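Only the coordinates and a few stated rules stand behind these numbers; no lab work does. Note that this is a predicted model, so its numbers are computed, not measured. Here the Cβ is made from the backbone with ideal geometry for all residues, glycine too, and neighbour counts use every protein chain on show.
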Amino acid sequence: MAKEPIQITNKDLWIIWVRQWFLMGSINLERWQSLGYAWTFIPLFSKLYGKDSPKLKEALVANMQFFNTTPQMAPIIMGLHVALLEQGATHEEINSMKTALMGPFAGIGDPLWYATIRTVFESIAIGLAAQGSLLCVPMLVVPYLAVMAVFMWYTLAWSYRGGKSFIQRVSGEEFRRYMDYVGMLAVGVVGGLTALWVGGSTPLAIDISGVKLELQALLNSILPKMIPLLVVLTSFVLYRRRISMVKVLLIIAVSAFVLGALGIMGP
Amino acid sequence: MELLKAILLFIWATLCYIDYKAPYSMIYRPVVAAPITGLILGDPYMGALIGAQTGLIYLGVVEVGGALPPDPTMGSIVATILMIEGHLPITQLGSVLLIAIPVSIVSSYWSGVVGYTIPIAFIHAGDRAAEKGQIGTMTALHLGWYILSGPMAASLLLIFIFFPEMATALAYLPAWINNGMYTVASVLTAVGLGMLLNVSYRPQYLGFFILGFAFAAYFKLDVVGIVVLVAGIVFVVMNLVSRMETRK
């Protein structure tokens with residue numbers, strides 16, 4: 001659908017593959033892997049937009065958004081990202097794609113990598129260690145690294161090529177409409193993650209003539225996860241009013257600390 | 001303990017904690033962390049036996065999306081130090097774990113809550129760098145915390161080696177401070193999600209936010225189930241839209 005496709009080479013993908021290993025480098029409770037994601041794409045953005053250009057700044061800011069997935073699954077999302085970028089998608093559309101996919105890939109990726117693949121190698125290593133064999137060390141580290149390296153490279157290349165050939169097949173108008181649907185899915189995922197990834201509850205209980213009424217149990221019967229929803233909506237409304245990111249963070253953190261210290265709220 | 005051994009243990013623990021961030025080669029799992037700790041202390045075979053037993057305890061402990069990672073590393077390193085320095089037989093591991101497990105609980109707070117809160121400052125500095133297109137600053141911030149997070153998390157091991165009582169002191173902080181800190185940690189993700197909602201939100205998408213939230217909150221679905229259901233509804237919407245358009 002794009003008019004002037006930008007030339008993406010294998011070398012660009014290779015640089016992304018190297019950098020994405022460090023996706024978790026600055027992982028944090030607020031936006032998780034956001035800076036790691038933006039950092040992974042710095043060479044590609046610099047190549048496409050040129051250093052110090054307004055478009056580079058725009059691209060970097062757009063990719064500082066909340067992002068969190070199983071790191072081993074991130075190359076799939078990154079490959080699609082490159083394909084969309086190459087075919088001229090906007091940063092907003094790309095953000096929808098990232099948001100729609102990060103949740104399900106975390107949902108599939110954590111059990112796959114940590115509960116299945118790692119457990120297999122770790123069980124063998126534990127068997128060796130129990131016999132006092134020091135082979136337990138390479139038995140876990142070497143195959144796990146190898147499987148991961150191969151998987152991450154092939155999923156990156158595969159999702160880039162697959163995404164590219166799909167986008168080239170659809171017309172520009174169709175593509176915009178599909179991205180609109182991805183936007184719907186993305187907002188649905190944010191709704192789901194609000195209930196799944198944000199904590200917060202109340203330990204308050206009221207004593208009515210000897211019967212202890214727990215407020216959280218009452219809330220659960222009306223709207224479970226009401227407190228996480230309220231916190232997300234509060235920060236959303238604050239951002240809508242163009243309050244700066246640092247201020248929103250401080251408002252939420254300080255009020256949570258005070259409410260927690262007073263025993264009105266808990267984790 | 002000799003200073004040299006303490007320094008080597010600190011370096012080893014630092015490498016383990018850096019491995020949590022990259023490249024996830026799993027040296028932080030007990031089955032690797034304990035034998036190498038044993039090697040530093042002069043008895044790698046004892047380390048392997050401890051690694052096998054503590055490894056089994058932590059085998060089912062799996063990192064899940066958005067949750068704080070539990071800390072199998074500190075537990076197995078501390079247990080190995082106590083066993084080898086105390087010249088205890090492997091049958092005594094149970095009593096050693098009574099000391100090692102509280103330290104590992106403090107450690108998951110130290111590396112998983114405090115260590116996941118400090119880099120928020122790096123991220124906000126990264127926002128300013130991104131606005132100005134300063135890619136060098138972004139690199140310094142990202143890799144800077146990546147390197148610093150290791151010694152930061154491993155510092156608890158040094159505290160344990162030199163001042164054992166202090167390593168568990170965090171557990172004895174006044175309850176109100178602990179409650180406040182854990183509450184903050186539990187809601188900080190909402191700040192990032194609120195920001196993401198702000199950029200992806202359009203009035204016509206509101207219904208999908210409600211659907212996603214309701215599937216999780218009322219039906220207790222995981223994120224894969226939510227996406228499948230919401231995608232199904234999006235397909236219905238797609239169909240209706242294209243039918244309406246052909247009717248025109």
- prompt: Say the cut-off is 19 Å between C-alpha atoms; which of A:LYS225/B:LYS220; A:LYS55/B:LYS132; A:LYS51/A:LYS164; A:LYS11/A:LYS57; A:LYS51/B:LYS132; A:LYS11/A:LYS47 go over it?
  reply: A:LYS51/A:LYS164; A:LYS11/A:LYS57
message: From the convex hull of the Cα coordinates of the protein assembly as shown, what is the mean projected area in square nanometres?
response: 27.2 nm²
task: Starting from the amide H of A:PHE67, placed 1.01 Å from N in the peptide plane, find each other amide H under 5 Å away whose residue is 5 or more places distant or on another chain.
output: A:GLN33, A:SER34
task: Name the most mobile residue of B:LEU221, B:LEU156, B:LEU143, meaning the one with the largest mean-square fluctuation, in a Gaussian network model of chain B with Cα contacts below 10 Å.
output: B:LEU221
task: Could you list which residues have their amide H under 5 Å from that of A:ALA205, counting only those 5 or more apart in sequence or on another chain, with H placed in the peptide plane?
output: A:LEU215
- request: Given the options B:GLY75, B:GLY212, B:GLY94, state which has the largest fluctuation in a GNM of chain B using a 10 Å cut-off (strictly under) for Cα springs.
  value: B:GLY212
message: For a quick size check, give me the Cα extents of chain A along its three principal axes, largest first, whole Å.
response: 74, 62, 33
task: Show the residues, 5+ positions off or on another chain, whose built amide H is closer than 5 Å to the amide H of A:MET265.
output: A:GLY260
- request: Calculate one ³J(HN,Hα) per residue across segment A:76-89 by plugging θ = phi - 60° into the Karplus curve 6.51 cos²θ - 1.76 cosθ + 1.60, and present them in order as whole Hz with x for glycine and proline.
  value: 4, 5, 5, x, 5, 4, 4, 4, 5, 4, 5, 8, x, 6
- line: Once the in-chain neighbours fewer than 8 apart are removed, the lysines whose Cα is under 29 Å from B:LYS5 read B:LYS21
- line: HN-Hα couplings for segment A:213-230 via Karplus (6.51, -1.76, 1.60; θ = phi - 60°), in whole Hz with x for Gly/Pro, come out as 9, 7, 5, 5, 4, 5, 4, 4, 7, 9, 9, x, 6, 5, 5, x, 4, 4
statement: Phi-derived 3J(HN,Hα) across segment A:27-43 with the Karplus relation (6.51, -1.76, 1.60, θ = phi - 60°), rounded Hz, x for Gly and Pro, is 4, 8, 6, 7, 10, 6, 9, 4, 5, x, 5, 4, 4, 4, 9, 3, x
query: Which order do peptides A:148-157, A:92-101, B:76-85, A:107-116 fall in by mean Cβ count within 10 Å, highest first?
result: B:76-85, A:92-101, A:107-116, A:148-157
For a label point 7 Å along the Cα-to-beta-carbon line of B:TRP176, residues of segment A:246-260 with backbone N under 19 Å: A:253-260
